[in-house]
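Notes for the one structure printed next.
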Amino acid sequence: MQDMSIERIEGKAFGATVTGVELRNLGDDEFAAIHAAFLEHGFLLFPGQHLNEQESADFGRRWGELEFGGQALANQRKHKDGTYGEIFDIDSQLMRTNLGNEAWHTDSTYKPYSSKCAMLSAVIVPDEGGQTELADMRSAYAELDEATKDRIADLSAYHSTNYSQANDLGDFPQSNGEGAYGTVYHGEAYLRPLVKIHPETGIPSLFVGRHAFGIPGLPREESRALLRSLMEFVVADERRVYRHDWTPGDTLFWDNRFVLHRARPYDYSKPRYLIGTRVAGDASELAYLPDDPRAEAGRQALAAELAILRTEAADRRYGATTAAR
Ligand SMILES: [Fe+2]
């Protein structure tokens, strides 16, 4: 414990680097200090951990129930004997989903329970590109002008990955994803407030990202313009954006309840293999369940939006490299 050091990321409104600790062998005092740092800083970088799948899942389980643990978030499979398979074709649904994740998002907002937190551990990374970027919606909300705060105070948006894939890529998956992505293209849309009160700190943040659309009560173009302007505001100040250049062995861990992330492009013919673990949200992250009467409005909003995007997004395939689409 006396060796652990937690240092803020220089020049940024959020984030810290944690050294002098082994995540695979963490004492309760160390975990308590990491938990406090996580709430304060929003993301934590742990260099030199070299976690395997089991260790990644075990660390995740200390935070809550897992959505998935120790899974490949990668462009290739890993075989049971430890060797790696061929790199996925760019046209595969898995790669289309990976490319979608190059637009800003928080995880699982398109599920009944949005995610609490997530981690990535780097195994194989390309020489260029393929970074992970994080953005701070907590300091963004604090720095919004009062008129905008008033305007959005009671607004919500639907969240759906059927929407974001269509809007960002012109991708209309008919089937569900492979591997860790599981059944993400389910045709439901979940309503979530644009201003989120953090369940553990009580601090408000913006809550937007690529999955958000269709603010009830606003015309479609006004809703799109507002969501775009809020997203652009979050990433307009470099103090609110952190780019992580991966070194194998790094583990990056973040709070999905106010920190956005995205992957950056790279040469997709080169291997990129990260181990991912995602922790499910607690009751605070529940929008509603699919059998709730409120779910029908989301289903209808999504179907109407997709009908428009089938024409509007027809030329967007593989264009997801910016937040502003
Ligand atoms: Fe993600």
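The values are calculated or read from the model by the stated rules, or taken from the named source; none is laboratory data. The shown structure was predicted, so the numbers you read here are calculated from the model rather than taken from an experiment. Because the Cβ atoms are built from the backbone with ideal geometry, glycine has one as well, and the counts that use them run over all protein chains shown. Just the protein is used for accessible areas: all its heavy atoms, side chains included, with ligands, DNA and RNA removed. Shrake-Rupley method; radii C 1.70, N 1.55, O 1.52, S 1.80 Å.
Rolling a 1.4 angstrom probe over region 104-203 with all protein chains present gives an accessible area of which 47% lies on carbon and sulfur atoms.
Accessible surface for the chain, divided over its residues, is 42 Å² per residue with a 1.4 Å probe. About its Cα centre, the chain has a charge dipole of approximately 660 debye under the convention of +1 per Lys or Arg Cβ and -1 per Asp or Glu Cβ, with nothing else charged. Close amide H pairs (under 5 Å, H built 1.01 Å from N) link residue 73 with 274, 275, 276, residues at least 5 positions away or on another chain. Exposure check, 1.4 Å probe, all protein chains in place: residue 92 carries approximately 30 Å² of accessible surface. Take every DSSP beta bridge whose two residues both sit in region 1-105, then give the antiparallel share in percent to the nearest 5. Here the antiparallel bridges make up roughly 75 percent for region 1-105. For region 55-106, the list of trypsin sites (Lys or Arg not before Pro) that fall in a loop by DSSP and count at most 11 other C-beta atoms within 10 angstrom reads 80.
Could you report the accessible area of residue 285 in Å², rounded to 10, computed with a 1.4 Å probe on the protein chains as they sit in the structure? My reading of the accessible area for residue 285 is about 0 Å².
Surface composition of region 259-315: carbon and sulfur make up 56 percent of the accessible area, probe 1.4 Å. Largest accessible area first, the residues 171, 291, 145, 29 order themselves as 291, 29, 145, 171 under a 1.4 Å probe with ligands, DNA and RNA left out. Look at the Cα gyration tensor of region 3-157: its axes a ≥ b ≥ c give a/c of at least 1.5 with a/b at or below b/c, and that counts as oblate. Other residues lying with their Cβ under 12 Å from the Cβ of residue 42 contribute a combined charge of +1, Lys and Arg counting +1, Asp and Glu -1.
When the residues 275, 124, 197, 6 are ordered by accessible surface, computed with a 1.4 Å probe over the protein chains alone, the sequence from largest down reads 197, 6, 124, 275. Relative contact order, whole percent, for region 5-312 stands at 33, derived from Cα pairs under 8 Å and 6 or more residues apart.
Panel note: the C-alpha atoms of the chain, placed on their principal axes, show extents of 55, 47, 37 Å (largest first). Taking all protein chains as shown and a probe of 1.4 angstrom, residue 161 keeps an accessible surface of around 10 Å².
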